[in-house]
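The values are calculated or read from the model by the stated rules, or taken from the named source; none is laboratory data. What you see is a predicted model; the values in this text were computed from it and never measured. As a convention, Cβ positions derive from the backbone with ideal geometry for all residues, glycine included, and neighbour counts pool all protein chains shown. The area values use the complete protein model at the heavy-atom level, side chains included, leaving out ligands, DNA and RNA. Shrake-Rupley method; radii C 1.70, N 1.55, O 1.52, S 1.80 Å.
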Amino acid sequence: MKKFLLLLVLVTVLVSCSAKKQIESAISQGNYDQAISDALEKLENNKDKKSKQDYIVMLEDAYNKVLEQDLQTIKHFKKDGNPEQYKTIYEIYSDLEARQAAIKRVMPLQIDGKTVNFKFKDYNTKLIDYRYKTSDYLINQGIALLDSNDKYNAREAHDIFSYIERINPNFEENRSLITEAHQKGMDYIYVSIQNHTQQIIPQQLEAELLDFNTYGLNQFWTTYHANTDKAINYDFAMQLQLKQINVSPERINERQVLREQNIVDGWKYDLDRAGNVKKDSLGNDIKVDKIINVKARLFEVVQTKSAQVIADVVYTDLKQNQIIDTFTIDSGYIFENIFGTFEGDKRALKNNDRNLILQRQVLFPSDEQMVYDTGEDLKLKLKNIISSYSVRRS
């Protein structure tokens with residue numbers, strides 16, 4: 001037990017030394033916020049223990065250094081007077097406020113019985129001031145991007161308006177600008193099916209392939225339409241070009257298996273050599289199982305039919321009128337039904353055989369049904385292409 005406690009103490013000391021070195025290293029490399037975060041984590045519990053005082057010293061050191069650094073940066077940017085720096089100044093003030101709040105949660109802190117006094121200030125007024133300066137400057141920047149009628153500029157504007165909404169909710173017309181930027185930055189894709197197979201595909205399959213509500217897609221900057229909207233100027237087209245439909249003949253394969261087992265078929269008296277019935281110790285007649293050999297012939301029948309659909313997914317840039325990408329899909333469906341019959345003594349069959357003979361022959365699905373059933377695999381592969389592909393102009 002003593003050895004275990006000694007080992008536990010040693011491990012604790014080693015872990016503590018490693019943590020202190022890590023914090024010291026962060027301070028020496030200028031990673032002050034990382035050092036503050038690590039030190040605060042160590043002070044969450046038992047902060048008044050003597051062994052925790054080193055963490056308080058390092059916390060104070062890191063805080064004072066980052067405070068001086070941040071205030072100097074703010075002073076420099078204010079003197080420069082460039083509105084481009086409003087956002088940076090605001091975020092530094094936010095960091096100053098957040099850093100103070102994090103340290104206040106573990107206050108008071110003491111070193112050798114003396115309370116440590118951190119240099120705290122109220123930054124609320126400056127935060128509000130630069131929140132509005134930042135919002136004013138950025139919203140004009142975003143509007144300029146939006147007015148360029150370029151999709152990628154609209155997406156950049158959306159990022160700007162979304163940032164304003166985070167720091168200054170419902171600022172002026174910002175929420176309507178977010179909506180406008182999203183609409184202007186959207187890529188609209190018209191989807192259609194072309195059948196090059198000279199075979200008729202089921203109407204229900206075509207409808208399901210074009211029903212994008214069932215695909216569970218959630219692409220922020222891309223919308224797929226199977227029916228055109230005259231109010232929309234479409235950017236891209238996606239065509240599912242059916243190239244080949246193959247349906248195999250209906251096949252029935254039969255396999256015969258001989259089953260043979262020794263089974264108990266009633267009982268008989270156990271006779272001695274003289275033909276007399278043997279007796280047990282109580283004088284009762286001795287009976288034994290009557291074993292017979294039974295045989296059966298099992299006929300295992302397998303019905304199969306398969307379908308294959310080969311198609312290309314073709315993306316076209318409608319603005320440039322050129323194909324930008326093509327993907328090939330090879331989908332398939334196999335119909336299979338297994339049943340069985342037998343001749344002979346049923347008792348010779350195994351359990352699996354008994355289950356098999358309960359099955360029955362069924363009608364083969366039509367060619368049209370086979371093609372329709374292939375659609376599930378076709379939809380899955382089409383969904384994988386759509387969800388992983390990002391349209392882009394060459």
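Output the number of the condition that Ile193 fails; it satisfies all remaining conditions of (1) in contact with a strand residue (DSSP E or B) (Cβ under 6 Å, 6 or more places away or on another chain); (2) of a type outside the set (Lys, Arg); (3) in a loop (DSSP other than H, G, I, E, B); (4) under 30 Å from Ser366 (Cβ atoms).
With respect to (1) in contact with a strand residue (DSSP E or B) (Cβ under 6 Å, 6 or more places away or on another chain); (2) of a type outside the set (Lys, Arg); (3) in a loop (DSSP other than H, G, I, E, B); (4) under 30 Å from Ser366 (Cβ atoms), Ile193 is out only on (3).
Looking at Ile232, is it surrounded by fewer than 16 Cβ atoms within 10 Å (Cβ to Cβ), in a strand (DSSP E or B) and of a type in the set (Val, Ile, Thr)?
Here the answer is no, as Ile232 does not meet what is asked.
Which condition breaks for Gln219 when tested against (1) within 30 Å of Gln183 (Cβ to Cβ); (2) open to solvent by 100 Å² or more (accessible area, probe 1.4 Å)?
Every listed condition holds for Gln219 apart from (2).
Out of all the residues in the stretch 300-323, which are in contact (Cβ under 8 Å) with a residue 60 or more places away in the chain and either loosely packed, with under 15 Cβ neighbours inside 10 Å or within 30 Å of Leu358 (Cα to Cα) (or both)?
Listed by number, the residues that qualify are Val301, Gln303, Lys305, Ser306, Ala307, Leu318, Lys319, Gln320, Gln322.
Report every pair of residues separated by at least 6 positions or lying on different chains whose Cβ atoms are under 6 Å apart, first residue within the stretch 21-46 and of a type in the set (Ser, Thr, Tyr), second open to solvent by 60 Å² or more (accessible area, probe 1.4 Å).
Tyr32/Lys65
Before we move on, is Ile252 open to solvent by 30 Å² or more (accessible area, probe 1.4 Å), within 30 Å of Leu363 (Cα to Cα) and at pLDDT 95 or above?
yes
Filter the stretch 81-119 for residues that are closer than 18 Å to Lys42 by Cα, open to solvent by 80 Å² or more (accessible area, probe 1.4 Å) and assigned to a helix (DSSP H, G or I) and give the result.
The one that is closer than 18 Å to Lys42 by Cα, open to solvent by 80 Å² or more (accessible area, probe 1.4 Å) and assigned to a helix (DSSP H, G or I): Lys104.
Return the only residue of Lys78, Lys65, Lys20 being in a helix (DSSP H, G or I), over 29 Å from Leu127 (Cα atoms) and not hydroxyl-bearing (Ser, Thr, Tyr).
Lys20
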